[in-house]
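The structure appears below as structure tokens.
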Amino acid sequence: MLNMPSRLPDVGTTIFTVMSRLAAEHGAINLSQGFPDFSPPQRLIERVTHHMASGANQYAPMAGALPLRQAIVAKVESLYGARYDVETDITVTAGATQAIFTAVAACVRPGDEVIAFAPVYDSYGPAVRLAGGELRCALLRFPDYRPDWDEVRAMIGPRTRMIIVNTPHNPTGTVWSASDIAVLAELTRGTDIVVVADEVYEHMAFDGARHESIARHAELRQRSFVISSFGKTYHCTGWKIAYCLAPPGLSTEFRKAHQFVVFAVNHPVQLAIADFMTAVPEFARDLARFYQGKRDFFRQQLAASRLRLLPCAGTYFQLADYSQISDLPDVEFARWLTVEHGVAAIPVSVFSPRGEDHRVVRFCFAKNDRTLSAAGERLAEL
């Protein structure tokens, strides 16, 4: 038998796969994994079909199809006042997870430390470990989940290579302020620390809040990879298409790795998204209003339940404290909820390397109203 020690011996199947499989096995309403149960815009689908029929079925350029990179330049300048170079600064990726992995692979060396914020999205740690680095997590403290910048300051040392930030934040739904971004700039000033900004929910900041993209900050963007997701924006997570912004030096290193991870990304889909971004720019601008309506509708469905809903300032996730219902640990509660009551959720402790369990689960409200209403009925019976 082959003897090959695992490089990730304590990593199992991701919780999203586990809970979605459990939901399917028991016919539960799946509010666990973060994907919509509605389709992308019909016009976008039609443009994919058009470009397939028109022959765009071979490799796209490694950095991404030029019309899409041009559309990204226009969008980012319009939203954030930042001008990125279409040739050197933009790379289209096979989803945001690939972009994050590639940024880590390009920059992190054995012995380097990477700081992230816990609860932390589950792909960050394995990417860092596979690069030979060590992930260190600053705690977003329950129940507000705000960054403790004094803790971050104390963690920064000579081995700190990278800081990964995520706003709007998955799983907590918090949104960083301009003052948070200013402190990040102050802490990294005069260092060689690289920032990875996971901004896949950039168009989902609610109640009039402004998304404080790293791209807005002239100083920070010179040391940052800024990552966004077309899958999240256009309701097409299964298409796995995103992009990474970076200044020329970082972009060069990113592309060295990118070309040997995926080389190029789905060509007709890139062209279709470019067409749609140019023709219907208001779709992305209206996304916060759309998902804020989903959030408010879902919260109304849970008003009669014993769940205590935490604030949700962004993303399409709602956290709920279930301590008035059960004293089960959150992983066991999520399984019980799925199997016995037909609603699947994600236990938040799985995002915490230190194992903090505050009896909180995460629901995805990127669903049709009838799905949310049916889930609300079941949850109100708990």
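Which residues' amide hydrogens lie under 5 Å from the amide hydrogen of Thr160, considering only partners 5 or more residues apart or on another chain, with H built in the peptide plane?
The list, which skips near neighbours in sequence, is Glu113.
Of Pro119, Cys107, Ala74, which is farthest on the positive side of the dipole of segment 60-148, counting Cα position, with +1 on Lys and Arg Cβ, -1 on Asp and Glu Cβ, and the Cα centre as origin?
Comparing the listed Cα positions along the dipole, Pro119 ranks first.
Using the per-residue mean of other Cβ atoms lying within 10 Å as a proxy for protection, in what order, highest first, do the peptides 295-308, 168-181 fall?
Ranking the peptides 295-308, 168-181 by packing returns 168-181, 295-308.
Which residues in segment 328-364 place their backbone N less than 14 Å from a point set 7 Å from the Cα of Glu377 along the Cα-to-Cβ direction?
Zone members listed by number: 342-343.
Quick query: amide H of Ile29 versus all other amide H atoms, modeled in the peptide plane; which residues come in under 5 Å with a sequence gap of 5 or more or a different chain?
Val343, Ala344
With just the Cα atoms defining each centre, how far is segment 195-271 from segment 274-317? Give it in Å.
After rounding, the separation between the Cα centres reads 21 Å.
With +1 on the Cβ of every Lys and Arg and -1 on the Cβ of every Asp and Glu, and nothing else charged, how large is the dipole of segment 270-342 about its Cα centre, in debye rounded to the nearest 20?
Once rounded to the nearest 20, the dipole reads 220 debye.
Could you give the distance between the Cα centres of segment 40-88 and segment 119-145, to the whole Å?
31
Pick from Ala215, Ala182, Ala205: which is most flexible by mean-square fluctuation in a GNM of the chain where alpha carbon atoms under 10 Å apart are linked?
So, out of Ala215, Ala182, Ala205, the one fluctuating most is Ala182.
Mind ordering 315-321, 82-88, 234-240 by average Cβ neighbours within 10 Å, highest first?
315-321, 234-240, 82-88
Using the Cα centre as the reference, give the magnitude of the dipole from point charges on the C-beta atoms of segment 104-221 (Lys, Arg: +1; Asp, Glu: -1; all else neutral), rounded to the nearest 20 debye.
I would put it at about 260 debye.
What's the extension gain from Gln42 to Asp122 if we count 0.36 nm per residue and subtract their Cα-Cα distance?
Extending this stretch completely gives an extra 25.6 nm.
Which Cα, out of Ala264, Trp176, Val361, lies furthest along the positive dipole direction of the chain (beta carbon charges, K/R +1, D/E -1)?
Ala264
Rounded to the nearest 20 debye, what is the charge dipole size of segment 42-280 about its Cα centre when +1 sits on each Lys and Arg Cβ and -1 on each Asp and Glu Cβ?
That gives segment 42-280 a dipole magnitude of about 400 debye.
Search the structure for amide H atoms under 5 Å from the amide H of Arg136, placed 1.01 Å from N in the peptide plane, and list their residues when 5 or more places away or on another chain.
Val114, Ile115, Ala116
Of all beta bridges DSSP finds with both residues in the chain, what is the antiparallel percent, to the nearest 5?
50
Given a Förster radius of 22 Å and the C-beta distance between Thr13 and Ala257 as r, what FRET efficiency does 1/(1 + (r/R0)^6) yield to the nearest 0.05?
That pair, Thr13 with Ala257, gives E of 0.30.
Between Gln324 and Ala178, what's the calculated FRET efficiency when r is the beta-carbon distance and R0 is 41 Å? Round to 0.05.
0.70
Any read-out appearing in this document is the output of simple, stated calculations on the displayed coordinates, not a laboratory observation. Since we're looking at a predicted model, the values are computed, not measured. Backbone-built Cβ (ideal geometry, glycine too); neighbour counts: all protein chains shown.
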